[in-house]
1. Of all residues in the stretch 78-115, count the ones that are among the aliphatic types (A, V, I, L, M), within 14 Å of residue 29 (Cα to Cα) and surrounded by fewer than 17 Cβ atoms within 10 Å (Cβ to Cβ).
2. Taking the stretch 60-77 as the region of interest, how many residues are of a type outside the set (S, T, N, Q) and closer than 18 Å to residue 31 by Cβ?
3. Quick one: which of 6, 38 is more than 21 Å from residue 91 (Cα to Cα) and modelled with pLDDT under 95?
4. So residue 79 fits all but one of (1) within 27 Å of residue 35 (Cβ to Cβ); (2) modelled with pLDDT under 95; what number is the exception?
Amino acid sequence: MRTWFQYAGGLPTYQLWQVLDYVDAHLTQDIKLADLAQLLDMSPFHFGRMFKQAIGVSPHQYVIQQRVERAKRLLSQSDRAIIDIALDCGFSSHSHLTKQFRQLTGMTPKAFRQG
């Protein structure tokens, strides 16, 4: 699911979509700032500033948010083990997912699934 952004500075829309598509396609992998910057032929520093200006969060925080959103979908749609969902969403462990999930949603993955 895409969120529509109004261009308010930062990356032009076509470059932003290029990065967002890349993140979505590579969410299970280790996504580095340098990799995203290279997509647009920018320095990592400049890319990070432009990305944050465009959508309001850092590239790293955006990736975490997208991983948590994918985890929420998987938790709602299946009864798979939380560790398997964590790994499928690009988290390194169950506890890594739980920490990030709790920071963004205020609850644990288990509580989310039960709720």
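1. Residues in the stretch 78-115 being among the aliphatic types (A, V, I, L, M), within 14 Å of residue 29 (Cα to Cα) and surrounded by fewer than 17 Cβ atoms within 10 Å (Cβ to Cβ): 1 in total.
2. 9
3. 6
4. The one condition residue 79 does not meet is (1).
The values are calculated or read from the model by the stated rules, or taken from the named source; none is laboratory data. Note that the structure is predicted; figures quoted are calculated from it, not measured. Heads up, the Cβs are rebuilt from the backbone with ideal geometry, glycines too, and the neighbour counts pull from every protein chain shown.
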